[in-house]
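J.: Below is one structure. I have some questions about it.
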Amino acid sequence: MSLTDRIAQGLEAGWKVTDATTLTDNQTHEADVVIVGTGAGGGTTAEILAKSGLSVILVEEGRLYYQKDFTMDEHSAYASLYQEGMSRTTRDGAIAILQGRCVGGSTTVNWTSSFRTPDQTLTYWAENFGLENLSPEAMAPWFEGREQRHTVAPWQTPPNVNNDILRQGCEQLGYSWQTIPRNVKGCWNLGYCGVGCPTNAKQGALMTTIPGALDHQARLFHGLRAERLVMNQDRIDHLQASAMATDGITPSGVTVTLKARHFVVAASAIGSPGLLLRSDIPDPHARIGKRSFIHPVNATIAQMPEQVDPFYGAPQSIYSDEFNFRHGVDGPAGFKLEVPPLHPGMSAGVVPGHGQEQVDAMASLPWTQSVIALMRDGFHPESPGGTVTLRDDGSPVLDYPITDYLWQGLRQAYLAMAEVQFAAGASRVRLVHLDSDWYTSWAEARAAINSIAMEPHRVRLFTAHQMGGCGMGQDPQASVVNGFGEHHQVSNLSIHDASVFPTSIGANPQLSIYALAARNSARLAGKLRG
Amino acid sequence: MLDPSDARSGDTGFARLDRRSFLKTGLGGTLFLATVSATAGLSGCATAPAGQLGAVDTRMDARYQFRFLTRDDIQLFEALLPAMFGPTLPEQPQARRLAIASTIERIDAGIDNFGPANQQELRRLFDLLTFGFTRVTIARVWSRWSNVSTAEANAFLERWRTSGVGLFNNGYIALTKISNVAFYGGRDQWHLSGYPGPPQWAVDALPQFKPA
């Protein structure tokens, strides 16, 4: 295995990378295309456009961190690699939002699960949003291409105990389970994907498309916040951007003006609508920021008789779709079952508690297993999603009301997770919920779950998947971009990230973003060179 | 009590406490709370970061520069942390003070990366808890935090955890989450969760751990 760091080598070789926190003078730069964001969508777009011969400027608000910075340490990683220092939540504080803020975006900190968009989801989009061109057959080559680019394959190593318990529980109950495809090359099976891969095995944007773009003369500014797209008549003329101070959080006062023929926004399902709203981009039907989806996540934890060591090993390797499409694509809320890694800081922050109870819970961490459920939101009239708006300071914030429809799904998910854990031999199970006790049998857990309060704050909710807010569709009255990510009103603006999804995906979204961005970038490259 | 539809309307966390919800909780009038932050600021002691405090003054590492927490906030956490982590803290007084102090420093360092919006939310929460009138009427903590016993601090945390008011639950989560992450996530506390740290064989093999 090679320990030669791709980023260190590239910087040494003269990549055009500017740390905007070091800038002292206002300046203007120009390229064929300016891309805002360096995550799954921005990275893919940058590599494809740069390889086609177009000049590209990449803009990233977070900083460039790479192997030298990835020390398997929770505190430093949460502070530097995550949005709002890992404190981002929905507006009311009821849902914690895990989202990357660094070069590579969330692909630098995700747990490497790489699923194709489910056929049911693509078919639903075709039928409801006029997106027939995104049929499973039409998308298959794009998924295949991106699976090769990011070295996606089902995990061959045996799952860690944490994941194997999900497998065992499903086996016992006759529920389906599968091995998760992961985007890794030469993975050491350590378990630190969430704090920046220490071995460069993870094939996220940071190890693939970003170096690919920089090798082809793309220019990267990091520590640079895209403030505003400035229109001249019906086209975007330039991007106004603010350099960050050395803290990486507050603007230094230095501004950078970036001019281009075309602008691609890929700043995430919270950042992209935020940028468009700040820029007063034409929005005649008030669609920007609407229909935001998050795969709301709830969780249970189990005490196992055997040692689990949930902090070690590939964090996600087994999943169950038993409940994901059980009632059809648009019936009662479906959910995917997965497993989270449990490091001490994350565990103590996620599982609410204090005093002796918390001390005991933490002391038993090596015997603790957890299951999470990812609710498939956006496929039902009673799951219209949330709304991204701007705070007074111009920063974006997500409102996400939990409807009764979702509460019912979340309660079903608690039941399914507890049942699976007891079936796998758990000695006791509790919900990640303010009112939950430890339950020592499935019957006791079932009775408690059926009556427990399903209310904001009491149910602990999370999201690691932000989608929608600049939805795609055929009808300009109901969407922001068309099926190629092209803005309905502004001809030199495209959106290439998860914000274009008209519903949630029903699976971890990174491969869906890679594939759609690749397809739409190939088309864009053709148009711009044409 | 808040009616459920109101609780779900998704207004700004502790900003809401300044407004409608405060009336509905039956704890007082909105007018007063709306002025809490301003009043606390005018009194001159509450809202400036504590900066670098003398070791004698605060029992902290004198080299640490506080960037967000005020002297009042530090007293709040000095009262709350024993209720959160008491059984695990060293009994020897100096070691105990050091464990608490280093946790408060890590809380401050964590908040420093939260960004302006969430810092503003926490400022509202901490002002509410440290300003005398609201500490008594809303948190129902009768004495200054420096005089609050561990039992009283625990009772406060329990009230906010079990409250039917979502905002108090949210306050409980905010206080315990930043404290729990700072404490259990710290290398000195890894043993409390049976976490051996990153595998030594990997540390030995990886270039970023080798001395430059």
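Values in this text are rule-based calculations from the coordinates and carry no lab data. Small disclaimer: the values here were computed from a predicted structure and weren't measured. Here the Cβ is made from the backbone with ideal geometry for all residues, glycine too, and neighbour counts use every protein chain on show.
J.: Roughly how far apart, in whole Å, are the Cα centres of region A:144-159 and region A:160-187?
T.: Their Cα centres are 15 Å away from one another.
J.: Another question about this same structure. Find the percent of Cα-Cα distances in region A:182-234 that exceed 12 Å, and round it to a whole number.
T.: In whole percent, the share of Cα-Cα pairs in region A:182-234 beyond 12 Å is 74.
J.: May I ask for the distance between the Cα centers of region A:10-38 and region B:162-208, given as a whole number of Å?
T.: What the calculation gives is 36 Å, centre to centre.
J.: Taking the protein assembly as shown, how many lysine pairs are there with alpha carbons less than 28 Å apart, if each pair must be eight or more places apart or span two chains?
T.: 24
J.: Taking 0.36 nm per residue of separation and subtracting the Cα-Cα distance, what length does fully extending residue A:127 through residue A:357 add?
T.: 77.8 nm
J.: Per residue of A:457-463, how many C-beta atoms from partner chains lie within 10 Å of its own C-beta, taken as a mean?
T.: What the average comes to for A:457-463 is 3.
J.: Given only helices, namely DSSP H runs of n ≥ 4 each adding -39500 (n - 2.57), what is the per-residue ellipticity at 222 nm of chain A, to the nearest 500 deg cm²/dmol?
T.: -8500 deg cm²/dmol
J.: Now a separate question. For chain A, what number results from the quotient of the Cα radius of gyration and 2.2 N^0.38 Å?
T.: Cα Rg divided by the expected 2.2 N^0.38 Å: 0.93.
J.: Hey, another quick one. On C-alpha positions alone, give me the angle between the axis of helix A:119-129 and the longest principal axis of chain A, in degrees, nearest 10.
T.: Its long axis makes an angle of about 50 degrees.
J.: Moving on. Would you tell me the mean number of C-beta atoms belonging to other protein chains that fall within 10 Å of each C-beta in A:180-193, as a whole number?
T.: Going residue by residue through A:180-193 and averaging, the value is 1.
J.: Give me the angle, in degrees from 0 to 90, between the Cα long axis of helix A:404-423 and the longest principal axis of the Cα atoms of chain A, rounded to the nearest 10.
T.: 50
J.: Using r as the Cβ-Cβ distance of residue B:158 and residue A:144, and R0 as 60 Å, what FRET efficiency do you calculate, to the nearest 0.05?
T.: 0.65
J.: Something else about it: Can you tell me which of B:184-192, A:496-504 comes out highest on packing, and rank the rest after it, using the mean Cβ neighbours within 10 Å?
T.: A:496-504, B:184-192
J.: On to the next question. Give the whole-number value, in cubic angstrom per residue, of the convex hull volume spanned by the C-alpha atoms of region A:118-276.
T.: Value for region A:118-276: 209 Å³ per residue.
J.: Separate question: How big is region A:362-439 on each of its three principal axes, counting only the C-alpha atoms and giving the largest first in Å?
T.: 48, 31, 19
J.: Rounded to the nearest Å, what's the spacing between the alpha carbon centres of region A:262-340 and region A:443-518? Just the number, please.
T.: Cα centroid of region A:262-340 versus Cα centroid of region A:443-518: 7 Å apart.
J.: Let me ask something else. I want to make sure I understand the PRE zone here: with the label point 7 angstrom from the Cα of residue A:217 toward its beta carbon, which residues in region A:498-530 have backbone N atoms less than 18 Å away?
T.: A:525-526, A:528-530
J.: What ranking of A:16, A:290, A:185 emerges when the number of other C-beta atoms within 10 Å of each C-beta is taken as an exposure proxy, fewest first?
T.: Result, fewest neighbours first: A:16, A:185, A:290.
J.: While we're looking at this one, here's another question. Pairs of alpha-carbon atoms within less than 8 angstrom and 6+ residues apart define the contacts here; what relative contact order does chain A have, in percent?
T.: So the answer I get is 23 percent.
J.: Only counting other Cβ atoms within 10 Å, I'd like A:415, A:166 sorted with the fewest neighbours first.
T.: Result, fewest neighbours first: A:415, A:166.
J.: For peptide B:171-182, compute the average count of partner chain beta-carbon atoms within 10 Å of each residue's beta-carbon.
T.: What the average comes to for B:171-182 is 6.
J.: About its Cα centre, how strong a charge dipole does the protein assembly as shown have in debye, to the nearest 20, once Lys and Arg get +1 and Asp and Glu get -1 at the Cβ?
T.: 540
J.: Quick check: the angle from helix A:442-451's long axis to the longest principal axis of chain A, C-alpha only, nearest 10 degrees?
T.: The angle comes out near 60 degrees.
J.: Would you mind getting the Kirkwood hydrodynamic radius of region A:441-530 from its Cα pairs, rounded to one decimal in Å?
T.: After inverting the mean inverse Cα-Cα distance, the result is 15.8 Å.
J.: Related question: Arrange the following residues from fewest to most other Cβ atoms within 10 Å of their Cβ: A:523, B:135.
T.: With the sparsest Cβ surroundings first, the list reads A:523, B:135.
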